[in-house]
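Q: My questions will all concern the structure given below.
No value in this document is a laboratory result; all are computed from the given coordinates. Bear in mind the structure is a predicted one, so any value in this text is a computation, not a measurement. Note that we place each Cβ from the backbone using ideal geometry, even for glycine, and neighbour counts take in every protein chain shown.
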Amino acid sequence: MLKIYKTQDDGSLLKLKKSHLISQAWFSVINPSAEEINKVSSLLKVDSDILRNSLDADERSRVELEDGIFSVIVNLPLLDEDGNFDTLPCGMVFSERNFLTICSRDNRILGSFNKNSAKTFDTRERTKFLLNILYKITQFYLRYLAIINRKTEHIEDQLRQTTNNQELFQLIDIQKSLVYFTTALRDNHLVLEKILRMVKSPATSKILAFTEDDVDLLEDVIVENKQAIEMVDMHRSILEGMMDGFASIINNNVNLVMKFLAAITIVLSIPTMLASFWGMNVAVPAAGLEFGFWIVIALSALATLMVIIYFRKKGMF
């Protein structure tokens with residue numbers, strides 16, 4: 001799906017219906033077909049391989065400057081309808097006169113740049129637009145980390161009451177999401193650092209004109225990204241400790257159950273053993289007594305009670 005937007009003089013965002021070459025426009029490409037990729041590649045004179053790489057789910061973040069085309073691939077966070085977190089590669093390409101974003105899936109980050117928020121960005125200022133997107137990505141990482149933190153605390157409260165496999169599976173999913181976030185944020189950090197080094201490069205300045213405000217904004221993005229990395233590492237450490245703690249609790253509970261069952265087995269074996277002795281088909285003590293049966297019962301109860309008291313003192317019950 002190809003959409004073309006351009007900021008007007010009054011600050012509003014206009015969606016263009018005709019897909020012809022327009023200066024200072026934003027080409028938003030979401031899950032494009034092969035025909036759309038070839039069309040955009042021909043229209044903006046961008047290598048189609050750059051566009052296809054941005055659609056690869058396993059593509060790593062990177063920045064390239066080749067043949068007058070400046071391209072950036074970063075991984076942005078995703079939150080699906082089921083509450084699962086993931087990352088998605090997103091390509092941003094600067095052609096001679098336009099700005100292009102391309103993703104394999106629709107997402108809230110690029111979707112936040114719309115007519116309602118048109119006052120906060122300008123498609124005619126491509127460099128600042130790029131930095132605004134990068135800043136928005138780091139903000140969404142921090143926002144999703146806050147959601148993960150609240151979700152983890154809720155699961156922890158549930159596990160304190162009862163240990164169910166469902167909550168443990170949810171913690172495993174969160175742990176997997178944090179691994180994705182860690183990898184993506186560290187790759188994005190390398191990209192941001194490389195962009196900062198390229199700011200003063202003559203080859204880059206021909207395509208992107210970074211002002212002092214743009215450099216300050218880029219540094220703010222790097223700081224926010226570092227904060228997100230630190231928060232992810234902290235959440236991972238907390239979650240790993242929590243998983244280890246609950247694993248120890250589960251093992252301890254299993255040990256307590258096994259200990260209790262072993263004690264019950266020993267207690268129940270005492271009357272069974274005494275009954276077996278007096279049930280032999282040979283002459284036994286008290287066999288001819290009128291109350292012989294009750295004597296055996298009393299001995300069994302007394303022996304069982306003594307064992308229970310002993311186990312009680314040992315903490316078996």
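Q: Compute a Gaussian network model of the chain, connecting alpha carbons closer than 10 Å, and tell me which residue from Met258, Met306, Met231 fluctuates the most.
A: In the Gaussian network model the winner is Met306.
Q: Modelling each spin label as a point 7 Å along the Cα-to-Cβ direction, I'd like the Asn281/Gln161 distance in nm, to one decimal.
A: It works out to 5.9 nm between the two label points.
Q: Mind telling me which of Pro89, Pro271, Pro32 comes out most flexible in a GNM of the chain, alpha-carbon contacts under 10 Å?
A: Among Pro89, Pro271, Pro32, the largest GNM mean-square fluctuation belongs to Pro271.
Q: Counting Lys and Arg as +1 and Asp and Glu as -1, each charge on the Cβ, what is the dipole of the chain about the Cα centre in debye, to the nearest 20?
A: Its charge dipole is roughly 340 debye.
Q: With each label point set 7 Å from Cα along the Cα-Cβ vector, what nm distance links Ile238 and Val307?
A: For Ile238 paired with Val307, the spin-label model returns 4.9 nm.
Q: Rounding to the nearest 10 and keeping the result within 0 to 90°, find how far the Cα-based axis of helix 292-313 lies from the longest principal axis of the chain.
A: Helix 292-313 sits at roughly 40 degrees to that axis.
Q: In a solvent-free Debye calculation with one equal scatterer on each Cα, what is log10 I(q)/I(0) for the range 21-154 at q = 0.13, 0.15, 0.16 Å⁻¹, listed in the order of the q values?
A: -0.56, -0.73, -0.82
Q: Using a Gaussian network model of the chain whose springs link C-alpha atoms within less than 10 Å, name the residue from Arg143, Arg197, Arg97 with the highest mean-square fluctuation.
A: Per the Cα network of the chain with a 10 Å cutoff, Arg197 tops the list.
Q: Also: Using Cα-Cα distances under 8 Å and only pairs 6 or more residues apart, what relative contact order does the chain have, in percent?
A: 15
Q: What is the distance in Å between the Cα centroid of the range 61-76 and that of the range 266-303?
A: Computed from Cα coordinates, the inter-centre distance equals 88 Å.
Q: With all pairs of different alpha carbon atoms counted, what Kirkwood hydrodynamic radius in Å does the range 245-313 show?
A: Across the range 245-313, the inverse of the average 1/r is 14.3 Å.
Q: How would you classify the range 69-227 from its alpha-carbon gyration tensor, with a ≥ b ≥ c the square roots of the eigenvalues: rounded for a/c under 1.5, else prolate if a/b is greater than b/c, otherwise oblate?
A: Note, shape of the range 69-227 comes out prolate.
Q: Using alpha carbons only, how many degrees (0 to 90, rounded to 10) separate the axis of helix 212-278 from the longest principal axis of the chain?
A: Between the helix axis and the principal axis of the chain, the angle is about 10 degrees.
Q: Still on this structure, please answer the following. What ranking, highest mean first, results for peptides 7-16, 64-73, 125-134 when packing means the other Cβ atoms within 10 Å averaged over each residue?
A: Descending packing order for the listed peptides: 125-134, 64-73, 7-16.
Q: Report the residues of the range 79-106 in range of a label on Asp173: point 7 Å along Cα→C-beta, backbone N strictly under 12 Å from it.
A: It comes to 80-86, nothing else.
Q: What is the gain in length, in nm to one decimal, between Arg108 and Glu64 on full extension, counting 0.36 nm per residue of separation less the C-alpha to C-alpha distance?
A: Taking Arg108 through Glu64 to full extension adds about 13.3 nm, to one decimal.
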